[in-house]
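Here the structure is laid out as structure tokens; the discussion comes afterwards.
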Amino acid sequence: MFEYKGDILTGFKEIASISKKGYSVNDVFFESPFKGRVPAYLIVPDIACSHPAIIYLHPGQGSRDSFLKEAELLAAKGFVSLLINAPFIRKEKTQEIHEKQNLARTIEVLADIEKYIQTIMDLRRGIDLLCDLECVDENQIAFVGHSFGGTWGGVLAGIEHRIRTYILIAGYPKASEWHLTSEHPMAAIIRSFLTPERFEYFIANLEKLDAIHYVKNATPSSIYFQFAKNDEYINQDQSTSYFSAASSPKKISWYDTDHLFTNCESAFQDRLEWLNEHIVSEIAKIS
């Protein structure tokens with residue numbers, strides 16, 4: 001399902017670049033292994049050397065901008081970052097359509113199994129990009145994902161070991177369970193919109209992609225789980241089952257915040273500490 005043969009990266013293009021103090025923020029895209037272009041930000045420190053790198057995947061209600069502030073802070077500390085847009089939120093050149101038609105199309109996209117597989121494959125192609133950059137140490141690559149990113153990052157962890165460590169924030173062990181039981185408005189809309197037969201087909205195929213089946217195979221990559229005590233969508237049993245299913249080495253931390261980790265500076269500081277321990281060389285520790 002996720003068979004992938006990395007080849008020469010094609011279709012990489014820089015659209016625009018903004019120079020900031022000590023680093024640049026580059027608006028880029030690269031060709032998806034499936035189809036179309038993957039919009040991304042590539043953030044690169046000015047110092048010419050081999051840097052550690054992070055590939056980010058945003059929450060479902062976010063975009064490549066979600067981690068932009070964090071990536072810029074890390075650029076000042078010597079990290080290259082690649083922040084991609086998931087396939088669900090990529091804009092297509094179409095005419096405006098009626099709101100009801102637009103909702104129907106959105107639901108069809110969210111119920112498209114191929115889009116979830118493409119998410120993983122686009123991340124793998126993003127790793128190709130990082131490994132091809134002279135400014136990146138390909139032995140020091142991390143992944144950070146939140147919510148949607150934390151869920152599908154668990155799948156990636158089981159098949160992609162070029163990433164040395166994974167940081168999974170407020171992710172679901174079973175995306176299929178979210179669609180079956182979540183009180184999130186979009187989950188409820190999908191359940192009511194699709195026919196019973198269409199929904200059953202969707203869930204049956206999505207179950208095969210649940211992160212809990214993959215995260216157990218992450219070794220030798222390490223995993224750091226971050227969960228919120230006041231999460232509106234993920235309960236403690238779901239969080240602990242995700243952690244329990246994962247291979248070692250691993251760690252779990254809990255924070256007094258909500259699903260979006262609102263105003264949770266301590267979680268960011270803990271991510272820095274984890275990166276120090278797991279991908280940054282002794283002579284390049286960050287603070």
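Using just its DSSP H runs of length 4 or more, each adding -39500 (n - 2.57), the chain gives a mean residue ellipticity at 222 nm of -11000 deg cm²/dmol after division by all residues. Across segment 179-185, computed HN-Hα scalar couplings (Karplus, 6.51 cos²θ - 1.76 cosθ + 1.60, θ = phi - 60°) run 5, 7, 10, 5, 8, 4, x Hz from first to last residue, x flagging Gly and Pro. Once both labels are positioned 7 Å from their Cα atoms along Cα-to-Cβ, the gap between ASP46 and VAL109 label points is 3.8 nm. Amide H contacts under 5 Å for ILE55: LEU82, ALA142, PHE143, VAL144, restricted to partners 5 or more places along the chain or on a different chain, H placed in the peptide plane at 1.01 Å from N.
Each Lys or Arg adds one and each Asp or Glu subtracts one; over the other residues with Cβ under 12 Å from the Cβ of ASP258, this totals -2. For the chain, a Gaussian network of Cα nodes joined below 10 Å ranks PRO59, PRO196, PRO87 by mean-square fluctuation, and the top entry is PRO196.
Taking the 1.4 Å solvent-accessible surface of segment 20-63 as the whole, the part contributed by carbon and sulfur is 55%. Atom-type composition of the exposed protein surface of segment 235-276 places 45 percent of the accessible area on carbon and sulfur (1.4 angstrom probe). Of SER176, SER81, SER19, which has the largest mean-square fluctuation in a 10 Å C-alpha GNM of the chain? Evaluated over the chain, the most mobile residue of the options is SER19. Highest GNM mean-square fluctuation among GLU265, GLU134, GLU177, for the chain modelled with Cα contacts below 10 Å: GLU265. If you average 1/r across every pair of different Cα atoms in the chain and take the reciprocal, what Kirkwood value do you get, in Å? Taking every pair of different Cα atoms in the chain, averaging 1/r and inverting gives 19.4 Å.
Solvent-accessible area per residue in segment 75-219 equals 44 Å², computed with a 1.4 angstrom probe and all protein chains kept.
For segment 106-245, place one equal point scatterer on every Cα, skip the solvent, and apply the Debye formula. What is log10 of I(q)/I(0) at q = 0.08, 0.12, 0.15, 0.16 Å⁻¹? Computed log10 I(q)/I(0) values: -0.23, -0.50, -0.75, -0.84. Between the amide H of VAL136 and those of HIS51, distances stay under 5 Å, these residues lying 5 or more places away or on another chain, with hydrogens modeled in the peptide plane. Normalised by the number of residues in the chain, the mean separation of alpha-carbon contacts (under 8 Å, six or more apart) gives a relative contact order of 15 percent.
LYS251 sits with roughly 90 Å² accessible to a 1.4 Å probe, with DNA, RNA and ligands left out of the calculation. Max-minus-min Cα coordinates of segment 214-286 on each principal axis give 41, 31, 12 Å, with the largest extent listed first. Entry note, segment 203-287: relative contact order of 30 percent, from Cα contacts under 8 Å with a spacing of 6+ residues. SER239 sits among other residues whose Cβ lies under 11 Å from its own Cβ, and their net charge, with Lys and Arg +1 and Asp and Glu -1, is -1. Structure note, pairs LYS69/LYS251; LYS13/LYS115; LYS69/LYS115; LYS35/LYS229; LYS77/LYS250; LYS20/LYS115: Cα-Cα distances above 30 angstrom occur for LYS35/LYS229; LYS20/LYS115. Across segment 194-205, computed HN-Hα scalar couplings (Karplus, 6.51 cos²θ - 1.76 cosθ + 1.60, θ = phi - 60°) run 6, 5, x, 5, 5, 5, 4, 4, 4, 5, 4, 7 Hz from first to last residue, x flagging Gly and Pro.
The values are calculated or read from the model by the stated rules, or taken from the named source; none is laboratory data. All values reported here derive from a predicted model rather than from experimental measurement. Cβ atoms come from the backbone with ideal geometry, glycine included; neighbour counts cover every protein chain shown. Accessible surface is based on the protein model in full, side chains and every heavy atom, while ligands, DNA and RNA are left aside. Shrake-Rupley method; radii C 1.70, N 1.55, O 1.52, S 1.80 Å.
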